[in-house]
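> Quick one: this structure, given as structure tokens, is what I'll be asking you about.
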Amino acid sequence: MLLATGATVLARYFLPLDMHWGSLWLGLFCAISLAVQVVEAKQVARLVEWLRTPDATLPTRLSAQWIELATYVIRQRRKHKDRLAHSDKRLEDFLAAMQASPNGVVLLDADDRIEWFNQTAAEHFDFDPRRDAQQHFTNLVRDPIIAAYFAARDFQHSVLIAGRSPGRSSAQRISVQLHVYGQSRSLLLSRDVTAIEQAEAMRRDFVANVSHEIRTPLTVLGGFVETLQTLQLSDEEQVRYLDLMSQQASRMQSLVDDLLTLSKLEGSPFPAEHGWIRVGSLMRQCADEGRALSNLVWGNAQAIHVDVDADDEIAGSETELHSALFNLVGNAVRYTPADKSIRVTWSRDASGQGALTVTDQGIGIAPEHIPRLTERFYRVDRSRSRETGGTGLGLAIVKHVLQRHDAELKIESTPGSGSSFRMVLPAHRVRAEATRSAALVKHD
Ligand SMILES: Nc1ncnc2c1ncn2[C@@H]1O[C@H](COP(=O)(O)OP(=O)(O)O)[C@@H](O)[C@H]1O
Ligand SMILES: [Mg+2]
């Protein structure tokens, strides 16, 4: 308004009198809109400058509509920032989940170049996170199986390759499979299958061993049956043959019994730590059974001494500990000549550990066999073991029972003069006589 009045006064004063009032108002209008445009342009320039400069404060002296626009921009900017932060967080979470995967994960682009990999994959393929990103996978993992797998581009199945984990002494087997996703990107998963392969090999060996062990007595039995069917035998001969057949049948029976014991051990819950067993009576019972076995094997009972001066107790499963101790006594009986003796001892050391030891004066064992004795079906002398009714599973059962009782088997032996098998139980599974009496008094 002020501007318009001023312009009118100036126009009256300076302009020639004959000039038309219409032209004057037109000039005035142009001057005002020019001024307004200049002001607007300045505001827009300030606004653009503000938009260009990150984190700048909103310029002052803006008209209402520009402030409204700027507020809208601020709101949109904040929303966008929040959305970015949210998706960054999600990406981080996602990568952290992939990092935590027990499998190796490698992300490859359309040209099989490595975009990202987790720590497990770095171990499987010996990748270096700083050096190996953006490298071609097949250039880094130089293996003919991988080269053929990538060349065929048939990723329906996985392939097995040798692992490259640095500092590993034993052979490692890695299973690798590629999964294509999106626009020809791919996700490569790797898995350490060494243990599975070993277990599978052990299972195959075990089945082969069991079949072999059962087939032998079955063949012998079959032979005898055929003989009895085809030959006219005297009564004496018949008795002898039936006796031999019964031996083969009981051999199969022992094998099946031991296999069942092993499978029970594998499938049952761990023994309690508070089922207390009197060690003296366990030893005496096993010694009695040992004498009976000795009679059966040798025709006369070997001397079996039991040394237990304290009425201590051990915690665990009575059936399992009985089976372990009887296996050791049984071995001592079978691998010791008839005229020699066997000793079953209990001792407790200062730390509270207890040891059940079976010592014999038998044939002994050469040192190279000792580490392998607890393997299933491992025998030093196969025929001697069989002759005396061994299954080759006894010490495997002992080892299993001891593992379930946090205990250990220690073997010492001198070929020709005898062996000692010691089952060492931890202090928490041993209760000394005195402690036990005190506990009983407390209970009363
Ligand atoms: N007290 C021992 N003296 C000598 N050798 C033994 C003794 N105990 C075990 N062995 C050896 O360890 C092998 C494995 O023992 P075990 O697992 O009990 O199977 P087996 O049924 O043959 O006795 C036996 O075949 C035998 O060669
Ligand atoms: Mg045995």
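> Name the residues in the range 362-375 that are in contact (Cβ under 8 Å) with a residue 12 or more places away in the chain and either buried (at least 20 other Cβ atoms within 10 Å of the Cβ) or near ligand 1 (Cβ under 8 Å from one of its atoms) (or both), would you?
GLY362, ILE363, GLY364, ILE365, LEU373, THR374
> Looking at ALA427, ALA350, ALA396 in this structure, which one is under 33 Å from the mean Cα position of the chain (by Cα) and either without any contact (Cβ under 8 Å) to a residue 12 or more places away in the chain or within 8 Å of ligand 1 (Cβ to nearest atom) (or both)?
None of the other options fit; the residue is ALA396.
> For the range 247-274, what are the residues that are among the polar types (S, T, N, Q), in a helix (DSSP H, G or I) and away from ligand 1 (no atom under 14 Å from the Cβ)?
Correct list: GLN247, GLN248, SER263.
> Looking for whichever is under 30 Å from MET252 (Cα atoms) and within 26 Å of the chain's Cα centre (by Cα) here; the options are ASP126, ASP192, ASP205. Which one fits?
The conditions single out ASP205.
> Now a separate question. Starting from residues that are closer than 17 Å to VAL424 by Cβ and among the acidic types (Asp, Glu), keep the ones in the range 310-344 and report whichever is nearest to ligand 2 (Cβ to nearest atom).
GLU320
> Then there's this: Give the residues of the range 105-125 that are small (Gly, Ala, Ser) and touching a Lys or Arg at 6+ places or on another chain (Cβ under 7 Å), sorted by residue number.
Scanning the range 105-125 gives a single hit, ALA110.
> Pick from the range 376-395 the residues that are buried (at least 21 other Cβ atoms within 10 Å of the Cβ) and of a type in the set (Gly, Ala, Ser): which of them is farthest from ligand 2 (Cβ to nearest atom)?
If we take residues in the range 376-395 being buried (at least 21 other Cβ atoms within 10 Å of the Cβ) and of a type in the set (Gly, Ala, Ser), then GLY390 is farthest from ligand 2 (Cβ to nearest atom).
> Oh, and also: Could you look through the range 399-412, keep only residues that are touching a residue at least 60 places away in the same chain (Cβ under 8 Å) and more than 16 Å from ligand 2 (Cβ to nearest atom), and pick out the one that is surrounded by the fewest Cβ atoms within 10 Å (Cβ to Cβ)?
It comes out as ARG404.
> Okay, next question. Return yes or no: is PRO415 modelled with pLDDT of 95 or more, in contact with a Gly (Cβ under 7 Å, 6 or more places away or on another chain) and surrounded by 13 or more Cβ atoms within 10 Å (Cβ to Cβ)?
The answer is yes for PRO415.
Yes/no matrix, rows are residues, columns are (1) assigned to a loop (DSSP other than H, G, I, E, B); (2) at pLDDT 95 or above; (3) not assigned by TED's automatic domain parsing to the domain that holds ARG384:
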position: GLN285; (1), (2), (3): no, yes, no
position: ASP288; (1), (2), (3): no, yes, no
position: LEU293; (1), (2), (3): no, no, no
position: ALA301; (1), (2), (3): yes, no, no
position: ILE304; (1), (2), (3): no, yes, no
position: ALA310; (1), (2), (3): yes, no, no
position: HIS322; (1), (2), (3): no, yes, no
position: VAL329; (1), (2), (3): no, yes, no
position: ALA332; (1), (2), (3): no, yes, no
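> Condition test on ASP154, is it at pLDDT 90 or above and either surrounded by 14 or more Cβ atoms within 10 Å (Cβ to Cβ) or β-branched (Val, Ile, Thr) (or both)?
Taking the combined requirement at face value, the residue does not satisfy it.
> Find the residue count for the range 309-341, including only residues that are without any contact (Cβ under 8 Å) to a residue 60 or more places away in the chain, more than 35 Å from the chain's Cα centre (by Cα) and under 19 Å from ILE397 (Cβ atoms).
Residues flagged as without any contact (Cβ under 8 Å) to a residue 60 or more places away in the chain, more than 35 Å from the chain's Cα centre (by Cα) and under 19 Å from ILE397 (Cβ atoms) within the range 309-341 amount to 3.
Okay, residues lined up against (1) assigned by TED's automatic domain parsing to the domain that holds VAL36; (2) loosely packed, with under 12 Cβ neighbours inside 10 Å; (3) closer than 21 Å to GLN37 by Cα; (4) in contact (Cβ under 8 Å) with a residue 60 or more places away in the chain:
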{"position": "TRP50", "(1), (2), (3), (4)": "yes, no, yes, no"}
{"position": "THR53", "(1), (2), (3), (4)": "yes, yes, no, no"}
{"position": "THR57", "(1), (2), (3), (4)": "yes, yes, no, no"}
{"position": "ARG61", "(1), (2), (3), (4)": "yes, yes, yes, no"}
{"position": "TRP66", "(1), (2), (3), (4)": "yes, no, yes, no"}
{"position": "THR71", "(1), (2), (3), (4)": "yes, yes, no, no"}
{"position": "LYS81", "(1), (2), (3), (4)": "yes, yes, no, no"}
{"position": "ALA85", "(1), (2), (3), (4)": "yes, yes, no, no"}
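> Confirm whether THR336 is part of a loop (DSSP other than H, G, I, E, B), more than 20 Å from GLN403 (Cβ to Cβ) and either polar (S, T, N, Q) or outside the structural domain of PRO426 (by TED's automatic domain parsing) (or both).
Here the answer is yes, as THR336 does meet what is asked.
> On to the next question. Taking the options ASP243, ASP235, ASP192, ASP258, name whichever one is within 16 Å of ligand 2 (Cβ to nearest atom) and either in contact with a helix residue (DSSP H, G or I) (Cβ under 7 Å, 6 or more places away or on another chain) or not small (Gly, Ala, Ser) (or both). Spell out the reasoning first.
On the way: ASP243 fails: within 16 Å of ligand 2 (Cβ to nearest atom); ASP235 fails: within 16 Å of ligand 2 (Cβ to nearest atom); ASP192 fails: within 16 Å of ligand 2 (Cβ to nearest atom).
Exactly one residue qualifies, and that residue is ASP258.
The values are calculated or read from the model by the stated rules, or taken from the named source; none is laboratory data. Keep in mind that what you see is a predicted model, and the values were worked out from it rather than measured. FYI the Cβ positions are ideal-geometry reconstructions off the backbone, even for glycines, and counts take in every protein chain you see.
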